[in-house]
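The structure appears below as structure tokens.
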Amino acid sequence: MPIDGQVDVPAALSRLAVRLAGKGARAVDAQRLTGGASMETWAFAVEGPPNSKGGGREELILRRRSAPFDPESSRSTSLAAEAALIQAARSAGAPAPPLVHLCDEADGLGEAHVTRRIAGETLGRKINSDAKFDAVRGDLARQCGEVLARIHAAPPPAAAQLKTADAAIELGRYEEAYRATGAERPVLELAFQHLKKALPEPRPPVLLHGDFRNGNLIIDAEKGLAAVLDWELSHIGDPAEDLGWICVNSWRFGRPDRPVGGFGEYDDLLAGYAAAGGDPVPLERVRFWQALGSLKWGVMCLMMYASWATGAEASVERPMIGRRVSETEIDLINLLEAGL
Amino acid sequence: MITHPKPQELTEAVARWIDQIRPQLDPRNAFLARVAANALAAVTRELTLGEEAKAAAVQRLEPILGHGGTYEGLTWELCEKLRSGDLDAATPGLLPTLRANTLDQLAIDQPGYKHEGA
């Protein structure tokens, strides 16, 4: 299976265009977007053959795995599972880009899927400070709450084989990962011990997006929240996990004064959640998960550095992410000093 | 007197060169080039601020642990005591000490990072 970056993606997309839109169709404007080290995202368009019924241009997004995938150890789902999740979310009324095609061996792209490209902005800094979004910014926290309530009400797709994890399991998993890096970071150590003593009462687990944050949302300058991206970290767990994750300061992009994604307020997020049928979640539970979110992100940064230090990953991005641990430490101290 | 280039001057020279060539790169490499320039900027700050930050951290940790030592030794001991529960968030002086040490590290890693306590 082609997983080594030697795949000629534009050439494979040209063949795929014929499969999607018929003989004479072409893939144009293929461009790799900035993305993670193990997952590639490409923007491209399919243009149908001239004078054909479907002769228009369709803007699409290809997601493909570029590094080997181990479903046992990985926190993420397969792209086939992500496709099933997108469909489940859409059925529940949550906005996600419509699935166009789940790739198979004939496509020569490895593990991959194609979705429609939704117009709008994903860059957190622009969403939070560009005047273009002034009109919708105040609605976003409430919309996020509403969309999360719909996702959490959706039946988990059986095909996705999602894992279940509550706060105790998540803390245990990340503490183990932290110990495995060999790092000695007093703030992270304190946070582990503190949060273990502050575990919230268990709640019935629900379908979670798993990475619901500013940066994975497409914001339309007129409609607000237009689509939720990147479903690969989806799992089953505490609804406050998703609500807390979007409040982690690392995704506030320069606006720590606006706790929800750097664009909104806690009250609006929670009101939107309850208004769309979500079981009300107290702020204190969100703040617990926000702290656990900062801690998880701190450990993830350490792990990404470790993957470079052990030679598993070669990108310049990886060691530099290791220098983001201190941002999670100051955020954790702010939370601990506030009593969470 | 100019004798030989200081480490800070070398990192700065390479960072400037990266900035020069960045506009000619494709989006993926332009992104990685920005990461590389950021890495050099962090190295430059660590060369300038690192020793002082470590010395200050040691001074702050001494009263918490009741004795002196190296930065690495005191950090190791602090982690052990937090893990065992001997020290916790209620320990007098602990959170202000961790805040000050973390802010010094953040000034090296990401001086522009905006957080709730800033």
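Order the following by accessible area, largest value first: A:243, B:10. Probe radius 1.4 Å; ligands, DNA and RNA are ignored. If you can, show how the numbers build up before the last one.
Numbers: A:243 0, B:10 95 Å².
Solvent-accessible surface, decreasing: B:10, A:243.
Based on Cβ point charges of +1 for Lys and Arg and -1 for Asp and Glu, what charge dipole magnitude is obtained for the range A:9-116 about its Cα centre, in debye rounded to the nearest 20? Could you put the intermediate results ahead of the total?
On the way: 13 positive and 12 negative charges, 74 e Å.
Approximately 360 debye in magnitude.
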Checklist entry - Mind checking which of B:58, B:43, B:14 has the largest fluctuation in a GNM of chain B, springs on alpha carbons under 10 Å? => result B:14
Item to check | Surface accessible to a 1.4 Å probe, residue A:41 within the full protein complex, Å² | outcome: 30
Checklist entry - Lys/Arg Cβ at +1, Asp/Glu Cβ at -1, dipole of the protein assembly as shown taken about the Cα centre: which of B:67, B:29, A:338 is farthest positive-ward? => result B:29
Checklist outcome for this item: Under the Karplus relation with 6.51, -1.76 and 1.60 and θ = phi - 60°, whole-Hz ³J(HN,Hα) for the range A:12-26, x at Gly and Pro, equal 5, 5, 4, 5, 5, 4, 5, 5, 7, 10, x, 4, x, 6, 10
Checklist outcome for this item: Here the residues of the range A:304-325 whose accessible area is at least 20 Å² smaller with all protein chains than in the chain alone (probe 1.4 Å) are A:316, A:317, A:320, A:323
Checklist outcome for this item: Calc'd 3J(HN,Hα), the range B:100-117, phi into Karplus 6.51 cos²θ - 1.76 cosθ + 1.60 (θ = phi - 60°), Hz, glycine/Pro = x, comes to 5, 5, 5, 4, 5, 5, 5, 5, 7, 6, 7, x, x, 5, 9, 9, 5, x
Next on the checklist: Within chain B, what whole-number % of the accessible surface is contributed by carbon and sulfur, with the 1.4 Å probe and all protein chains included in the calculation?
Outcome noted: 57
Checklist outcome for this item: In the range B:32-81, accessible area falls by at least 30 Å² from chain alone to full assembly (1.4 Å probe) for B:32, B:35, B:75, B:76, B:79
Checklist entry - Using a probe radius of 1.4 Å on protein heavy atoms only, what is the accessible area buried between chains A and B, both sides summed, to the nearest 100 Å²? => result 3200
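Pop out the carbon and sulfur fraction of the accessible area of chain A as a percent, whole number, probe 1.4 Å.
On the way: 7220 of 14100 Å².
Its accessible area is 51 percent carbon and sulfur atoms.
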Item to check | Eligible lysines near residue A:197 by straight Cα distance, threshold 28 Å, same-chain separation 8 or greater | outcome: A:163, A:296, B:81
Item to check | Rounded to 5, the percent of DSSP beta bridges in the protein assembly as shown classed as antiparallel | outcome: 95
Checklist outcome for this item: For residue A:126, the lysines lying under 19 Å Cα to Cα, once residues fewer than eight places off in the same chain are dropped, come out as A:223, B:114
Checklist outcome for this item: If amide H atoms are modeled at 1.01 Å from N in the peptide plane, then the residues at a separation of 5 or more from residue A:30, or on another chain, having amide H under 5 Å from its own are A:45
Checklist outcome for this item: Computed over chain B: longest principal axis from alpha-carbon atoms vs helix B:71-84 long axis, angle to nearest 10 degrees, is 60
Item to check | Cα centroid separation - the range A:300-339 against the range A:209-269, whole Å | outcome: 20
Item to check | Table column - 3J(HN,Hα) (Hz), the range A:330-340, Karplus curve with 6.51, -1.76, 1.60, x for Gly and Pro | outcome: 5, 5, 5, 5, 4, 5, 5, 5, 7, x, 6
Checklist entry - Which is farthest toward the positive dipole end of the protein assembly as shown among A:97, B:82, A:138, measuring Cα position about the Cα centre, with Cβ charges +1 (Lys, Arg) and -1 (Asp, Glu)? => result A:97
Next on the checklist: What's the magnitude of the charge dipole for the range A:124-337 around its Cα centre, counting Lys and Arg as +1 and Asp and Glu as -1 at the beta-carbon? Answer in Debye, nearest 20.
Outcome noted: 260
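Under a 1.4 angstrom probe, counting protein chains only, how are A:326, A:307 ranked by accessible area, largest first? The partial results should precede the final answer.
Working: A:326 0, A:307 25 Å².
Output order, biggest surface exposure first: A:307, A:326.
Please calculate how many Å² of accessible area chain A carries per residue, with a 1.4 Å probe and no DNA, RNA or ligand atoms counted. Mind showing how you got there, number by number?
Numbers: 14100 Å² over 340 residues.
That works out to 41 Å² for each residue.
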Item to check | Nearest-20 debye value, the range B:7-109 charge dipole, Cβ charges on Lys, Arg, Asp, Glu | outcome: 360
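Can you sort B:4, B:115 by solvent-accessible area, 1.4 Å probe, largest first?
On the way: B:4 130, B:115 10 Å².
Ranked from most to least accessible, the order is B:4, B:115.
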Checklist entry - Out of A:109, B:112, B:8, whose Cα points farthest toward the positive end of the dipole of the protein assembly as shown (charges: +1 Lys, Arg; -1 Asp, Glu; placed on Cβ)? => result A:109
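The values are calculated or read from the model by the stated rules, or taken from the named source; none is laboratory data. Keep in mind it's a predicted model, so treat the numbers as computed, not measured. For neighbour counting, all protein chains shown are included, and Cβ atoms are generated from backbone atoms with ideal geometry for every residue, glycine included. All accessible areas refer to the heavy atoms of the entire protein, side chains included, with ligands and DNA or RNA removed. Shrake-Rupley method; radii C 1.70, N 1.55, O 1.52, S 1.80 Å.
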